[in-house]
Amino acid sequence: MIPPHPKEHLLQLLAGLREPIDSLERGLPPDEKAQRYLSRLREALDETLRFVSSQLSDQGWEAVPGTDEETSRALRHDARNHLNHLGGPAQMLLRLLPGEPWASTTRHLRDTLDACLQLIDAYGSATDGGFLSVLGHGAEPAAPRLLPRDAIPASIVVADDDPLNRENLSDILSQMGYQVTAVADGEAALHAVASGDHDLLLLDLEMPKYSGFEVLEQLARHAHLQHTPVLVVTGQRLVDAAVRCIALGADDFIPKPFHIDLLAARVKSSLERKRLRQREFEQFFPADLAREFARHPDLRNMDGRAVDVSVLFCDIRGFSTVSEKAGPEVTVRWLRAIMNRLSNLVIEHDGVLVDYAGDELFAMWGAPRERADHADRACNAALGMLALVDELNAEWQHTVGFQTDFGIGVNSGRALVGNIGTDRKFKYGPLGNTVNLGSRVQGATKYLRTRLLITGETRRRLSPAWDPDSLRKICRVKVQNIAAPIELYQLTASPGPQWQVLRTLYEKAIHAFEAGNLAASDLAMGELFQHFPDDGPGRLLNLRVAEAMLAPEAPLDFVWTLPGK
């Protein structure tokens, strides 16, 4: 039954809080946090008593006869805000002081605040939602604790025009392990979300400059902001308000006074949903880029733009042989294990995993975040892949009955980069001649019997810190469907003495050949084969020199034409 004098009864309930607060203050242990919450609780009680005494009539919520529903609703909102000022520190004390004699006193505080909330809601309108015991009336915590420490690392914006609400929310969220930015109006909330790297917005509805509804509308209008997770925390309990917030894009709706455990669960749930989106992008992008894509998923529909990039194609040698010998189940496990290791290397070197095509991996550096060192990163990733070969063979050769090896091609240049997929399937990557040529260079590793080739364009983009002795010029080639010939270089991770001998003899031979001095080239090749009889590029160069010496009347073609892709 509603008391005949609601204002008088509410004042009695609130005044009854002084005794438990005084008893806590008299015997409170020297705990800085508990002292702070107790002081905040006493200040909030004084403010709430002044509000009830001055703003509420003896008959109900109408301050004066004839007050319209909007004013009545605003009074109910303000009354719940005042209870929220009390409820936050009361709940924190309940968690900080779980043992007797403090537990009995803090539970009494909680129960009295629940009774105040019930009385306030009893005078709400028919659509106002009714009584909700947000402080947990009649139920004990499952286990005494402070606050959950398993929070997902995140940055949260708290937007509330009430300074005590901002302080309470910021304090609670900070103790949960979150970074908090507190703002006092809707305009500041929009600025914080647009300019900072934040994961969640806790939004009040009744604020100056922009209301919470207007903030949601603004977020929805801007493609780069419309996927920002929003949790509305408000004194409005109208069902219509909650429906409107969700329709405008809010993730959830929590009325004030809020229960800390409920708030923690809703915040964590919103962040986990965002984290799932981020994990989708982490399959293809480094963690910081994946985070950016998760915050701004509209980037998936970005138009292509011309960017200087490096592309890498890595082919797993012997896939067909393994598939035939080992069968489909073993082959799939072998292929997945290798692709996982290769993919991790791409991500570790800040690359983008563009695609998998059977036994081939396609990666890119230089976009969406432009990097001057994209060629260095691509080449370092390629060398890291070759360094995996011995380890993978030790793990898989006995199972698949075949030695794992790679053929890797790297090329650099301008490409059109963007979403090259469809509305149904997102695929971020490059298009153009640079990509086609990179794929052909990977194919050239089979013909030239090398494991890693880079183009002259990639070599020219390597930083001055790169050791030039780690590269040897192989030849100039013409590949299928590419008109201009290109220079190819072999790259090694171990430019030791043996490599230097090979490099010196081979480059002596290729330079003599391209100068038309076949005898000098043949002499250099003979010396090379004394030390490196199995060198693939050397054998091909030797064959070309021999063919030219057998047909001295034929014009020399210094550009090698690859027989296939």
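The values are calculated or read from the model by the stated rules, or taken from the named source; none is laboratory data. Given the structure is predicted, the values throughout are model-derived calculations rather than measurements. Note that we place each Cβ from the backbone using ideal geometry, even for glycine, and neighbour counts take in every protein chain shown.
Please work out if A247 is surrounded by 18 or more Cβ atoms within 10 Å (Cβ to Cβ) and out of contact with any Leu (no Cβ under 6 Å at 6 or more places or on another chain).
In short, no.
Check every one of the helices (runs of 4 or more DSSP H) wholly within segment 250-365 and list those with 1 or more residues that are over 30 Å from C116 (Cα atoms) and modelled with pLDDT of 85 or more.
Helices (runs of 4 or more DSSP H) meeting the threshold: 260-282, 319-326, 328-348.
Might you check whether a residue that is at pLDDT 85 or above and part of a helix (DSSP H, G or I) occurs anywhere in segment 150-163?
Checked against the condition, which is being at pLDDT 85 or above and part of a helix (DSSP H, G or I), segment 150-163 yields at least one hit.
Can you report the number of residues in segment 531-543 which are part of a helix (DSSP H, G or I) and buried (at least 19 other Cβ atoms within 10 Å of the Cβ)?
Final tally of qualifying residues: 4.
Residues in segment 443-463 that are of a type outside the set (G, A, S) and in a loop (DSSP other than H, G, I, E, B): how many?
The total comes to 4.
Mind telling me which of the residues A512, A524, A493 ends up being surrounded by fewer than 18 Cβ atoms within 10 Å (Cβ to Cβ) and either closer than 25 Å to F406 by Cα or of a type outside the set (F, W, Y) (or both)?
The unique qualifying residue is A493.
Which ones in segment 389-417 are in contact with a helix residue (DSSP H, G or I) (Cβ under 7 Å, 6 or more places away or on another chain) and either among the acidic types (D, E) or surrounded by fewer than 17 Cβ atoms within 10 Å (Cβ to Cβ) (or both)?
Across segment 389-417, the qualifying residues are T399, G401, Q403, D405, R414.
With respect to V134, is the statement that it is buried (at least 19 other Cβ atoms within 10 Å of the Cβ), modelled with pLDDT of 85 or more and not charged (D, E, K, R) true?
No: the conditions fail for V134.
Within segment 392-400, is even one residue within 21 Å of L453 (Cβ to Cβ), of a type outside the set (F, W, Y), modelled with pLDDT of 90 or more and part of a helix (DSSP H, G or I)?
Yes, the conditions are met somewhere in segment 392-400.
Pick out the one residue from M525, M549 that is within 28 Å of A382 (Cβ to Cβ), modelled with pLDDT under 95, not in a strand (DSSP E or B) and not β-branched (V, I, T).
One residue alone meets the criteria, M525.
Just for segment 353-375: of the residues that are crowded, with 17+ Cβ neighbours inside 10 Å and small (G, A, S), which one is farthest from D308 (Cα to Cα)?
Applying the filter and picking the extreme gives A363.
Go through D199, D204, D185 for me and flag whichever is of a type in the set (D, E) and modelled with pLDDT under 90.
Residue meeting the stated conditions: D199.
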